[in-house]
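Below is one structure, written out as structure tokens; the observations come after it.
Derivation of every value follows stated rules applied to the coordinates shown; laboratory data play no part. All of these numbers come straight from a predicted model, not from anything done at the bench. Here Cβ is always computed from backbone atoms with ideal geometry, including for glycine, and neighbour counts include all displayed protein chains.
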Amino acid sequence: MAHSVRLFPAVSVLSCLLTAVCARRHVLELGDADFDYLAAEHETMLLMFYAPWCGHCKKLAPEFEKAATRLKGTVQLAKLPYFTLPYVACDLCVCVSGVFSGTDSAHLSEFMRAAALLREQFRFAHTADLKLGKNYGVNSECVLLFRPPRLSNKFEDSVVVFTDYLTIGSLRRFIRDHLYGLCPHMTVENRDRLRVRDLLTAYYDVDYHHNARGSNYWRNRVMKVGSNYAGRGLTFSVANKKDFLSELEDDFGLGTSDGGELPFVTIRTKLGHKYTMREEFTRDGQSLQRFLEDYFAGRLKRYVKSEPVPEKNSAAVQVVVAESFDDVVNDPDKDVLIQFYSPSCPHCKKLEPVYRELADALSSDPSIVVSKMNAVDNDVPLGYDVQGYPTIYFAPVGKKDEPIRYEGGRELKDFVKFVKREASHSLKFRVSNDEL
């Protein structure tokens, strides 16, 4: 009945942060609650799974104690009741554990192949004893996904069971669909994976290392309200405000002093639309509920980072800001050339006289606009990929949702050739074509 497992980050090998009550003896008696302290103290651990009623286990116990005493300082020995499934879920991690009928199971070999591909992202373990799955209501071969114990809550199960036909693809999809649960902890490392969906985030002092209870205080309130909106296309998360200060300021206009100790709440959709909850987060969750009702009813005004709309805009090169982008660039009756620039970019400064000369040459044509937008201080609209400066697009009449990226040279003749080719009408120049 005794099983030994050496702790390493691999399949069928435990690599967890274990929380234990240490007896006066040299064998650690472990539980499956919080796995928090021992990883840093014990690089390798020999773990025995036992049953309190098992005669073989009782017979082995004195020898296991002697071994623990002799190996003290070299290898830590520990024991864990067999009904605690040996899952590799540290308090900060997700674990995927397979329960199989034996070492010759065909599903086990497929599980091992999947684990080999995914083990850098998740922790894996397996057992060849079906009895270990009974504690989770499972009597046949299956895979169990354990969400981090620190995120355990009353609104959802901490363990999700997979009993479908096991392949690498089906297991990957299962993990993807159940990995985060109702309200995961968003970090700098996982934010891109979370933001593939419409996402509400509550930012506050999230610190599961030093204050798990305080971290879950606001998270529980988010889940209590958010659980009423499950299945409506919006996902939820919490994040440490300190890790995202610059993003909150740049993307949402929230200062570091806004809100005090109360959470900031934002929504960022997969299309890039942004919303902020301006009402103070109340402890009863009512303010969050009102925010969500307004969001789903379409009553919220999107937050757009924008410089002020210029009072005068009579220069040949029109200045566009985020607030005026639709009015200028998406004008359905005009072709528009738009340059996204940075005020500190030397390439933009070098291009400026050429770009202005182009605008002067086309200034007599009312059906085309040459414009520019400071992409540092204004949100770049969806559909425009700006990774460097300057980036130039042409938005012709009838194709405003399919802007054309300029990839040509930086001389005046290059720009003239481009706009002539892409314009929706015959252009009128202030000078002859020969001069251009």
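Helix 212-226 axis versus longest C-alpha principal axis of the chain: approximately 60°, rounded to the nearest ten. Available extension along the chain between LYS131 and TYR217 is 27.4 nm, counting 0.36 nm per residue and deducting the alpha carbon span. FRET efficiency for the LYS349 to LYS59 pair, using the beta carbon distance and R₀ = 60 Å, is estimated at 0.15. Here is the size of the stretch 179-247 from its Cα atoms: Rg then Dmax, 11.7, 34 Å.
Under the convention that each Lys and Arg Cβ holds +1 and each Asp and Glu Cβ holds -1, the size of the dipole of the chain around its Cα centre is about 1440 debye. Seen from every direction in turn and averaged, the convex hull around the alpha carbons of the stretch 375-436 projects onto 5.3 nm². Just checking the listed ones, GLY181, GLY137, GLY253: in the Gaussian network model of the chain with Cα springs under 10 Å, the one fluctuating most is GLY137.
Taking a Cβ cut-off of under 12 Å around CYS57, the surrounding Lys, Arg, Asp and Glu residues balance to a net charge of +2, with basic ones at +1 and acidic ones at -1. Here the label points at ARG410 and HIS210, each 7 Å from Cα along the C-beta direction, are separated by 4.8 nm in the simple model.
For the stretch 297-436, the orientation-averaged shadow of the C-alpha convex hull comes to 9.2 nm² (one quarter of the hull surface). Between amide H atoms placed 1.01 Å from N, distances below 5 Å from CYS142 occur with VAL99, all of them 5 or more places distant or on a separate chain.
If you wrap the tightest convex hull around every Cα atom of the stretch 305-371 and split its volume per residue, you get 88 Å³. In this label model, ARG232 and SER314 are separated by 5.0 nm, measuring between points 7 Å along each Cα→Cβ vector. Which of the listed residues, GLY388, VAL138, LEU60, is farthest toward the dipole's positive end in the chain, when Lys, Arg count +1 and Asp, Glu count -1 at the beta-carbon? Toward the positive end, the furthest listed residue is LEU60.
Amide H contacts of LEU28: LEU77, ALA78, LYS79, each under 5 Å away and 5 or more positions distant or on a separate chain (H built 1.01 Å from N in the peptide plane; Pro and chain starts excluded). In order along the stretch 57-69, phi translates into HN-Hα couplings of 5, 5, 5, 6, 3, x, 5, 5, 5, 4, 5, 5, 5 Hz, rounded to whole numbers, per the Karplus curve 6.51 cos²θ - 1.76 cosθ + 1.60 with θ = phi - 60° and x for Gly and Pro.
Computed on the stretch 300-436, with alpha-carbon pairs under 8 angstrom and 6+ residues apart, the relative contact order is 29 percent. Taken along the Cα-to-beta-carbon direction at a fixed 7 Å, the label points for LEU118 and ALA106 span 2.1 nm. Mean 1/r over all different Cα pairs, inverted: what Kirkwood radius does the stretch 96-153 give, in Å? Hydrodynamic radius (Kirkwood, Cα pairs) of the stretch 96-153 is 12.0 Å. The value for the stretch 333-402 of Rg(Cα) / (2.2 N^0.38 Å) is 1.12.
Taken over the stretch 213-348, the alpha-carbon convex hull comes to 169 cubic angstrom per residue.
Extension gain for ARG283-GLU29 works out to 87.5 nm (0.36 nm per residue, less the C-alpha to C-alpha distance). Note on the stretch 73-196: with charges restricted to the Cβ of Lys and Arg (+1) and Asp and Glu (-1), its dipole about the Cα centre is near 280 debye. The Cα trace of the stretch 139-223 gives Rg and Dmax of 14.6, 42 Å, the first to one decimal, the second as a whole number. Using a Gaussian network model of the chain in which every pair of alpha carbons under 10 angstrom is joined by a spring, one finds that among GLU407, GLU280, GLU311 the greatest mean-square fluctuation is at GLU311.
For the chain, the Kirkwood estimate of hydrodynamic radius, built from reciprocal distances between every pair of different alpha carbons, is 26.3 Å. A Gaussian network model of the chain, with springs between Cα atoms under 10 Å, assigns the largest mean-square fluctuation among THR127, THR266, THR69 to THR69. Max-minus-min Cα coordinates of the stretch 230-302 on each principal axis give 31, 30, 21 Å, with the largest extent listed first.
Gyration tensor over the Cα atoms of the stretch 92-197: the corresponding equivalent ellipsoid has semi-axes (square roots of 5 times the eigenvalues, largest first) of 24, 16, 11 Å. In percent, rounded to a whole number, the relative contact order of the stretch 122-180 is 28, using alpha-carbon pairs under 8 Å and six or more apart.
Computed from point charges on the beta carbon alone (+1 for Lys and Arg, -1 for Asp and Glu), the dipole magnitude for the stretch 305-436 about its Cα centre is near 380 Debye.
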